[in-house]
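Shown next, in structure tokens, is the structure this report addresses.
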Amino acid sequence: MSYLGISIKEAINNANCGTNGWFLPAIQRPYVWGSRYENEIYICKLFDSILKGYPIGGLIVWNTKEEIPYREFISDYLPDEIPKLVDKGLHKRPDKWLIYDGQQRIQTLYSCLKYTFHGKILVYDLLFDLNNGNDPEETGFSFAEKNSTLEWNVIRMNELFAKQPDEEKRTYRKSILRLNKNINDKEEELIENNIDILWDIFVKTETKSLAYFPIKTSNEKVVNEIFERLNTGGMALSLADILFSKIKSEYYDFEEKLQGCSKEIYNSTGKGYLFNAYNILQLIYLLVKKGVRIDPKKVKPNEIDVFKTTWDKLETPLQSFFTDYLWGQFKINNNSIIPRNLALLPIMVYFYEIYSKGYKFKNISGQNLKSINSYFIKSQINDWNLQSYIDNFSRLISEKSKGTDKLFDFPIQEIEDFISEKKKRNIEIHEDTFVGYNWFVLKILTPERIYQFEPDIKGRFNPEIDHVFPKKLKNRNVDYDNTVDIVWNMQPTKGEINGFKTNIHPKLFFTDKSTNAKGERIVGSKYVNEYDFLFPTNSNNQIDFDDNIWEKPIEFINKRKEIMIDYLKTKYDITFKIDEKEE
């Protein structure tokens, strides 16, 4: 067996083909390139590498007559799209070729050259000079909206790919050149050269840009061995990928069900919290194997069924944890709010145990909920995120569950005793540590507010947070600068408020006495109710902006801090540890 060459045209036309078609084995991991922050740049670099003749890794394709569940490639790719499972009656077709390595590249090429990607089309600028020593970030490729109007020199790659190898390249080239009557000789030469290269690679079949390794065998173990040893491109295989492949050999739709649950979690948390199939698999592994570190070699063949039955019992309590607890109690709508995501697993284990006894979230008492909240907050602030901690916290919960058929309380005291014995983490919360987690702290202080997230330049999300007294207030002094940038002076808010209120004194803003750059009056009074922990109030229970504390920012912030600390005590039984030196 050895690698063979194949053209882009031949490979992509093989995908989902009715005869000798290339497909995805159902045990394959999900497509991941489409979920990357900079996926468009990454894909443009892939196409640029192909144009320049760089190697992009080989493919492993398996031909078998055995009954193997498989899926089709996605045509118009959208985030979290799950490939269509082919009807069971076709699983034995003898001419199927299953891609065991190379899914990411073939799916990308397939969607970008024949259909759409995230609702966009891949385009190429024919005036881009491939040989001009360009910045590595510049490729000539980019994405455009499906129905957008393009410049005359920009072509749709799906239209180019649709051309047949026997069509006249000269005719196509003339159709481009006649779009601009004022084209100069240099531009014409550049366009001709680019079309020559594009045509040879994406239309004709003589240039073998891809290498594939064909395997013909009925022995799936041979293929799995090659699959685990060879990963010639895309994302490196993880231990979770290998465990998924073992489980899906018995339950081929196992990962799809976990993906479906992940999507439900996302939708039920304000379309924001991403707890993916890999996270769910880790939780199942913790329940079955009593540890969070996934090791496929430790999973015995007879335990595959246990993973399936555990998942069947886990889905409902897991949904409840996110819907009733994280979203219902705190309106947490993005996993970036949580500093220590691993520390959430013991609470999920607790939900699993009580739901297994027939209880639900509504049966949790108020005092027990405070215990769960105490663990939740302390585990995040004090970094109870060690794998050994999570293993032991979960063990304590499981042991307490085995001792009774009744609804039992979350074992916060036992967990804190364990931490005290190990002496590696704090069980008390220190103020200087607490204020270091702005996003999380503000969320537990304002649980009814919903963070609005705006993407930054790399696609990552940052919540809209306002400083009540702005950092760049006019005529501020050094003491002011050293005081305002702290959580006690912050408020989750809306983007429109942040835009209006920038660098304006809060009293002027909330009493409609400020103006924008055009001299127009800003109506800030309508936003007063968007802020928490404002004071003092007058006889009408309205915020008294005539009180002179609004002229004393540092005093205001310190008083607001006292109110917020009282809230932590009342709602969560959370107080700060006072060091002897501070006393």
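The values are calculated or read from the model by the stated rules, or taken from the named source; none is laboratory data. Quick caveat, the model's predicted, so the values are computed rather than measured. Virtual Cβ from ideal backbone geometry, glycine too; neighbours counted across all protein chains shown.
Condition check ((1) assigned to a loop (DSSP other than H, G, I, E, B); (2) out of contact with any helix residue (DSSP H, G or I) (no Cβ under 6 Å at 6 or more places or on another chain); (3) free of Cβ contacts under 8 Å to residues at least 40 places away in the same chain; (4) buried (at least 18 other Cβ atoms within 10 Å of the Cβ)) across all residues:
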site	(1), (2), (3), (4)
Cys17	yes, yes, yes, no
Tyr31	yes, no, no, yes
Phe47	no, yes, no, yes
Lys65	yes, yes, no, no
Ser75	yes, yes, no, no
Tyr100	no, no, no, yes
| said: Under 6 Å between Cβ atoms, which residue pairs at least 6 apart in sequence (or on different chains) link something in region 388-402 that is in contact (Cβ under 8 Å) with a residue 24 or more places away in the chain and farther than 17 Å from Lys357 by Cβ with a partner that is part of a helix (DSSP H, G or I) and of a type in the set (Val, Ile, Thr)? | reply: Phe393/Ile415
| Cβ-Cβ under 7 Å pairs, at least 6 apart or on other chains, region 146-163 side assigned by TED's automatic domain parsing to the domain that holds Leu126 and over 16 Å from Ile195 (Cβ atoms), far side among the polar types (S, T, N, Q) and not in a helix (DSSP H, G or I) | Lys146/Thr116
| Qualifying residues in region 490-534 (those that are in contact with a strand residue (DSSP E or B) (Cβ under 7 Å, 6 or more places away or on another chain) and exposed (fewer than 14 other Cβ atoms within 10 Å of the Cβ)) - the one nearest to Met564 (Cα to Cα) | Gly495
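Condition first: over 30 Å from Glu137 (Cβ atoms), modelled with pLDDT of 90 or more and not aromatic (Phe, Trp, Tyr). Can you find one or more residues in region 454-465 that meet it? If you could, list the steps in order and put the result at the bottom.
Step one: list which residues in region 454-465 are over 30 Å from Glu137 (Cβ atoms), which gives 465.
Okay, now just the ones that are also modelled with pLDDT of 90 or more, so 465.
Still in the running and not aromatic (Phe, Trp, Tyr): 465.
Within region 454-465 (the criterion being over 30 Å from Glu137 (Cβ atoms), modelled with pLDDT of 90 or more and not aromatic (Phe, Trp, Tyr)), the answer is yes, since at least one residue qualifies.
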| Is it the case that region 354-364 has a residue that's at positive phi and at pLDDT 95 or above? | yes
| request: Would you mention how many residues in region 197-217 are in contact with a strand residue (DSSP E or B) (Cβ under 9 Å, 6 or more places away or on another chain), charged (D, E, K, R) and in a loop (DSSP other than H, G, I, E, B)? | output: 1
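Check Tyr251, Tyr325, Tyr273, Tyr350 and return the single one that is under 24 Å from Ile364 (Cβ atoms), part of a loop (DSSP other than H, G, I, E, B), out of contact with any Pro (no Cβ under 7 Å at 6 or more places or on another chain) and in the same structural domain as Ile364 (by TED's automatic domain parsing). Before the answer, list the steps.
On the way: Tyr251 fails: under 24 Å from Ile364 (Cβ atoms); Tyr325 fails: part of a loop (DSSP other than H, G, I, E, B); Tyr350 fails: part of a loop (DSSP other than H, G, I, E, B).
Within the list Tyr251, Tyr325, Tyr273, Tyr350, the selection yields Tyr273.
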| Tally time: how many residues in region 428-440 are buried (at least 18 other Cβ atoms within 10 Å of the Cβ) and either farther than 14 Å from Asn382 by Cβ or without any contact (Cβ under 8 Å) to a residue 60 or more places away in the chain (or both)? | 1
| query | Restricting attention to region 168-175, does a residue exist that is farther than 18 Å from Ser49 by Cβ, of a type in the set (S, T, N, Q) and either touching a Leu at 6+ places or on another chain (Cβ under 8 Å) or in a loop (DSSP other than H, G, I, E, B) (or both)? | reply | no
| field | Boolean, Ile563 is closer than 25 Å to Leu445 by Cα, hydrophobic (A, V, I, L, M, F, W, C) and touching a helix residue (DSSP H, G or I) at 6+ places or on another chain (Cβ under 8 Å) | value | no
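In this structure, does Leu109 turn out to be in contact (Cβ under 8 Å) with a residue 12 or more places away in the chain, within 28 Å of the chain's Cα centre (by Cα), closer than 25 Å to Leu210 by Cα and in a strand (DSSP E or B)? Steps first, please.
Working: in contact (Cβ under 8 Å) with a residue 12 or more places away in the chain: yes; within 28 Å of the chain's Cα centre (by Cα): yes; closer than 25 Å to Leu210 by Cα: yes; in a strand (DSSP E or B): no.
Here the answer is no, as Leu109 does not meet what is asked.
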